[in-house]
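The next block holds one structure in the form of structure tokens; read it before the comments.
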Amino acid sequence: YSPVEQYRKNGVQSFSPQSDVYALAATLYKLLTGVTPPEAMDVQDEGLPVDELMAKQVSQHVRLAIALAMKGKSERTQSVELFIRHLTESSNEETVNLHDQEPKKPQPAPKKPKPQPVPKINQFDKAKKSKSLYIWGIGGAVALALLIGIIKFCGRSSGRSSGGEASPESPDTTAVVSPGTTAIVDTVHNVVNQTFTVNGVSFDMVEVVGGTFTMGATAEQGSDADSEEKPTHQVTLSSYMIGKTEVTQELWEAVMGSNPSYFKGSNLPVELVTWESCQTFIRKLNALTGKNFRLPTEAEWEFAARGGNNSRGYKYSGSNTLSNVAWYDDNSSSKTHPVATKAPNELGIYDMSGNVYEWCNDWYDDYTSASQTNPTGPNSELYRVGRGGSWRGNARYCRVSSRYCSAPELCDTARGLRLAL
């Protein structure tokens, strides 16, 4: 069972441990189904058909492990050792299935949880943290920017009405601030949105005005709060921008030229992305836009999920009724859903509870009670932070203070990303 690279004239030069990974996965496919797997070129063009595996009632995580190990060379599981981990760790009740359960939450002893399965390697330095929200254009754009600031200030001064869910009304003030970029004053949520376009695909970033908040297991989290959410502590953040939605498959493909996701759909959140592959995506996005996009810090993520300075103290992002704002295990039908199809939170941001977990920039560490300003987490650790709950998660995992961690080279079908700037 030969991978595509061994079909080439210089196939011998193309051999690598990954060639053996493909052969091993193809052999396992035959052993489990009794059916010879498709030709490697067909698998590369069309993906691995899993009907035969499903007919034999092969568990979801094993099907996914085989499919990942039979991808093209650049996307394939990187080693036999990692392939075996995908097969064995997911079946261990103390670890997490790729498709059927929640990520393992950090435990007090040992300090770190056992990492979740799935691949991909491509180390990249953290995207440079932006020191400003965005750069306004020159000349007439400066005057328009001042006008936007005045309108925004007036909107904030008038305050928001109390009670009820955030209304998805349309913003009403627009200014072009640079080619391919539009700034919008959202007078419903009293924030500025900025639209970026890359290779014909547009996406929105939402202004989060800096402020101070209590991070962690605050009172509204109740008995659902876990030990890793404690102690609560004061955090002060400078202003920043964060994605209005999770990164979609359409945007990922516009930047990367390929789509790793298990659930396919242009407006679905991208998933099956590692922390490291997210860094590659961000590097390419920055090259295309000239900006300094990055992953949000854990503190930035939680402040935005809580509604920033507009927060109403909800347990979930935008509501105390989870079904209003999130796709989770009770309503997702075991799959992801198009972004922005539930109600937004107080800042007009969607899906910060549910749909897919979101990688943060920080290495994971325990909280302390000390006050912090613009925290970025430890300099180095074993695991990266993830936030937000997912389509397969129950309500407890969708709370704004819930956190988990995973090795940066691993991924699954319930994990994606949201940009910061």
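Against the test of being among the charged types (D, E, K, R), in contact with a strand residue (DSSP E or B) (Cβ under 7 Å, 6 or more places away or on another chain) and closer than 21 Å to N292 by Cα, the options D204, D186 yield a single qualifying residue, D204.
With respect to the stated conditions, T95 fails to be hydroxyl-bearing (S, T, Y), modelled with pLDDT of 60 or more, surrounded by 14 or more Cβ atoms within 10 Å (Cβ to Cβ) and part of a loop (DSSP other than H, G, I, E, B).
Residue by residue, here is whether (1) modelled with pLDDT under 95; (2) out of contact with any Phe, Trp or Tyr (no Cβ under 8 Å at 6 or more places or on another chain); (3) aromatic (F, W, Y) holds:
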{"position": "W301", "(1), (2), (3)": "no, yes, yes"}
{"position": "A304", "(1), (2), (3)": "no, yes, no"}
{"position": "K315", "(1), (2), (3)": "no, yes, no"}
{"position": "K342", "(1), (2), (3)": "no, no, no"}
{"position": "S353", "(1), (2), (3)": "no, no, no"}
{"position": "V356", "(1), (2), (3)": "no, no, no"}
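Residues in segment 335-355 that are touching a His at 6+ places or on another chain (Cβ under 7 Å), of a type outside the set (A, V, I, L, M) and over 20 Å from E250 (Cβ atoms): E346, G348. Look at segment 305-321 and say how many of its residues are open to solvent by 60 Å² or more (accessible area, probe 1.4 Å) and either within 21 Å of C360 (Cβ to Cβ) or not β-branched (V, I, T) (or both). Of the residues in that region, 3 qualify. Candidates P375, P408: the one that is in a loop (DSSP other than H, G, I, E, B), in contact with a helix residue (DSSP H, G or I) (Cβ under 6 Å, 6 or more places away or on another chain), under 24 Å from E253 (Cα atoms) and touching a residue at least 60 places away in the same chain (Cβ under 8 Å) is P408. In segment 358-389, of all residues being polar (S, T, N, Q) and modelled with pLDDT under 95, the one that is least open to solvent (accessible area, probe 1.4 Å) corresponds to S380.
Only residues that are crowded, with 24+ Cβ neighbours inside 10 Å, out of contact with any helix residue (DSSP H, G or I) (no Cβ under 7 Å at 6 or more places or on another chain) and not in a loop (DSSP other than H, G, I, E, B) were counted across segment 322-357, and they come to 2. Scanning segment 1-46 for residues that are at pLDDT below 80, among the small types (G, A, S) and open to solvent by 40 Å² or more (accessible area, probe 1.4 Å) turns up just one, S2. Checking each residue in segment 287-320 for being in a loop (DSSP other than H, G, I, E, B), within 16 Å of S402 (Cα to Cα) and out of contact with any strand residue (DSSP E or B) (no Cβ under 7 Å at 6 or more places or on another chain) picks out G307, G313, Y314, K315, S317, G318, N320. Any residue in segment 278-296 that is of a type in the set (F, W, Y), closer than 17 Å to R392 by Cβ and out of contact with any Leu (no Cβ under 7 Å at 6 or more places or on another chain)? No: segment 278-296 contains no residue that is of a type in the set (F, W, Y), closer than 17 Å to R392 by Cβ and out of contact with any Leu (no Cβ under 7 Å at 6 or more places or on another chain). Here E302 meets each of (1) surrounded by fewer than 23 Cβ atoms within 10 Å (Cβ to Cβ); (2) under 21 Å from Y240 (Cβ atoms) with one exception, condition (1). Kindly evaluate C398 against the criterion of being open to solvent by less than 10 Å² (accessible area, probe 1.4 Å) and under 27 Å from T280 (Cβ atoms). Judged against the criteria, C398 is not a match. List pairs: first residue in segment 14-37 and more than 19 Å from G72 (Cα to Cα), second residue open to solvent by less than 10 Å² (accessible area, probe 1.4 Å) anywhere in the structure, Cβ distance under 7 angstrom, at least six positions apart or on different chains. Cβ pairs passing all conditions: L32/L53; T33/L53.
The values are calculated or read from the model by the stated rules, or taken from the named source; none is laboratory data. All values derive from a computational prediction rather than experimental measurement. Because the Cβ atoms are built from the backbone with ideal geometry, glycine has one as well, and the counts that use them run over all protein chains shown. The accessibility values were calculated without ligands, DNA or RNA, using every heavy atom of the protein model including side chains. Shrake-Rupley method; radii C 1.70, N 1.55, O 1.52, S 1.80 Å.
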